[in-house]
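One structure below.
The values are calculated or read from the model by the stated rules, or taken from the named source; none is laboratory data. The structure displayed is predicted, hence computed values, not measured ones. Note that we place each Cβ from the backbone using ideal geometry, even for glycine, and neighbour counts take in every protein chain shown. Note: accessible area is taken over every heavy atom of the protein model, side chains too, but ligands, DNA and RNA are not part of it. Shrake-Rupley method; radii C 1.70, N 1.55, O 1.52, S 1.80 Å.
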Amino acid sequence: MMKNSKPNEPLVTHIYTADPSAHVFEGKLYIYPSHDLDHDEPSNDNGDQYKMEDYHVLSMDDANSPVVDHGEALHVKDVPWASKQMWAPDAAYKNNMYYLYFPARDHDGIFRIGVATSSNPAGPFTPEENYIPGSFSIDPAVLVDNDERAYMYFGGLWGGQLEKWQTRTFIPDAEGPAPSAPALGPIVAELSDDMLTFKSEPKEISIVDEDGNPILAADEDRRYFEGPWVHKYNGLYYLSYSTGTTHKIVYAVSENPQGPFTFKGTILTPVIGWTTHHSIVEFNDKWYLFYHDCSLSDGVNHKRSVKYTELKYNEDGTIQTIDPYEDK
């Protein structure tokens with residue numbers, strides 16, 4: 001018998017999963033995580049320990065139902081342009097088609113973003129021959145807006161190579177901005193109607209404080225690191241992301257899907273493990289935060305498990321901070 005899922009408990013325990021992108025498709029919750037391999041190699045800042053090579057799609061009929069693993073939806077060996085490291089994916093629905101967006105290193109070791117398609121939200125997905133032209137870095141997240149325009153948000157520092165693209169050309173030894181300079185923001189690009197290419201040039205999103213001043217690179221409690229996600233609530237766009245070195249999920253809001261976004265606060269306090277990566281979804285009139293931690297592996301950074309918990313807003317639209325361990 002499969003057991004029912006519970007908040008703040010691993011959704012599945014037969015494999016390690018991370019970076020969950022959750023969506024409601026066909027009346028069910030579908031979760032698109034990355035699939036951590038069970039190995040014992042050392043960690044480094046370049047993220048070589050994150051060796052993921054395939055994707056499994058998970059689904060739930062409701063927030064308390066058993067979780068179904070639909071098996072392998074896509075493997076790196078089936079992607080002609082990719083060499084390794086199938087990191088955090090996302091999915092979208094448009095044109096009566098499901099699209100799986102994923103980062104991987106190309107054959108030169110440079111991270112690019114690819115897309116694969118399926119008529120079924122659980123896959124299997126058929127990849128395009130080449131990566132999306134003009135794509136770079138990691139962590140794609142796609143918002144299909146109410147007007148059917150679709151935007152991809154992406155980018156991650158360090159292992160994700162974002163700082164190497166500041167000139168829009170890959171510079172292998174490029175470093176990030178000086179501590180007193182504005183931090184690098186995530187990248188946004190509008191997608192073409194067929195969802196397979198960028199309609200517009202990728203551009204950097206500005207994240208500012210309440211006075212309109214850019215968040216600085218030294219401000220590790222608030223600055224963007226990786227893992228962008230954009231959702232809408234009461235007509236506003238909420239950009240949430242990981243701060244990386246300070247291990248928080250924080251958020252900023254805007255009236256425009258391409259920003260600028262005004263920093264608001266912390267959604268999720270640090271979890272067990274170095275990385276933190278999430279998604280936010282509305283399902284059956286409640287909001288949920290999907291996230292991961294390393295509790296199942298006793299803190300091994302590259303053996304993570306996807307979890308969820310309810311997310312709540314205050315009357316003014318701000319999000320209540322979640323401590324996933326406060327009831328433990």
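Only the Cβ atoms of Lys and Arg (+1) and of Asp and Glu (-1) were treated as charged; on that basis the dipole of region 1-105 about its Cα centre amounts to roughly 320 debye. With the simple spin-label model, which puts each label point 7 Å out from Cα in the Cβ direction, the N44 to L196 separation comes to 3.7 nm.
Sparse packing (at most 15 other Cβ atoms within 10 Å of the Cβ) combined with a DSSP loop state is found for the following GluC sites (Glu not before Pro) in region 138-215: E148, E175, E210. Of the accessible area of region 209-274, computed with a 1.4 Å probe over protein heavy atoms only, carbon and sulfur atoms account for 45 percent. Share of Cα-Cα pairs in region 73-140 beyond 17 Å, in percent? Value for region 73-140: 33 percent of Cα pairs lie more than 17 Å apart. The ellipsoid equivalent to the alpha-carbon distribution of region 16-155 has semi-axes of 23, 19, 13 angstrom, derived from the gyration tensor eigenvalues as √(5λ) and listed largest first.
For region 89-153, what's the relative contact order in percent, using C-alpha pairs closer than 8 Å and at least 6 residues apart? RCO, region 89-153: 31 percent.
In the full protein context, the chain carries 41 Å² of accessible surface per residue, based on a 1.4 Å probe and ignoring ligands, DNA and RNA. Note on D316 and M2: the model spin-label points, each 7 Å out from Cα along the C-beta direction, lie 4.2 nm apart. Close amide-amide hydrogen proximity is noted between I272 and C294, each under 5 Å apart and 5 or more residues distant or on a separate chain (H modeled in the peptide plane; Pro and chain starts excluded). Among the protein heavy atoms of region 121-181, carbon and sulfur supply 52% of the accessible surface, probe 1.4 Å, non-protein parts ignored. On full extension, the segment bounded by T169 and D61 gains 34.5 nm, given 0.36 nm per residue less the C-alpha separation. For the chain, a Kirkwood radius taken over Cα pairs fed into Stokes-Einstein (4 °C, viscosity 1.567 mPa s) yields D = 66 µm²/s. Which residue, W165, N44, A141, has the largest displacement toward the positive end of the dipole of the chain when charges sit on each Cβ (Lys, Arg +1; Asp, Glu -1)? Most positive-ward Cα: A141.
If you plug the beta carbon distance of D54 and D221 into 1/(1 + (r/R0)^6) with R0 = 35 Å, you get a FRET efficiency near 0.50. Given region 256-297, what whole percent of its Cα pairs are spread farther than 11 Å? Percent of Cα pairs beyond 11 Å in region 256-297: 75. For region 194-328, the Kirkwood estimate of hydrodynamic radius, built from reciprocal distances between every pair of different alpha carbons, is 15.8 Å. Look at the dipole of the chain built from charges on Cβ: of N8, T246, A183, the Cα furthest out on the positive end belongs to N8.
Going down the table (K6/K51; K84/K286; K28/K51; K164/K312; K28/K303), which pairs top 31 Å between alpha carbons? K84/K286; K164/K312, as the Cα separations exceed 31 Å there. The alpha-carbon atoms of region 120-234 define a convex hull whose volume equals 155 cubic angstrom per residue.
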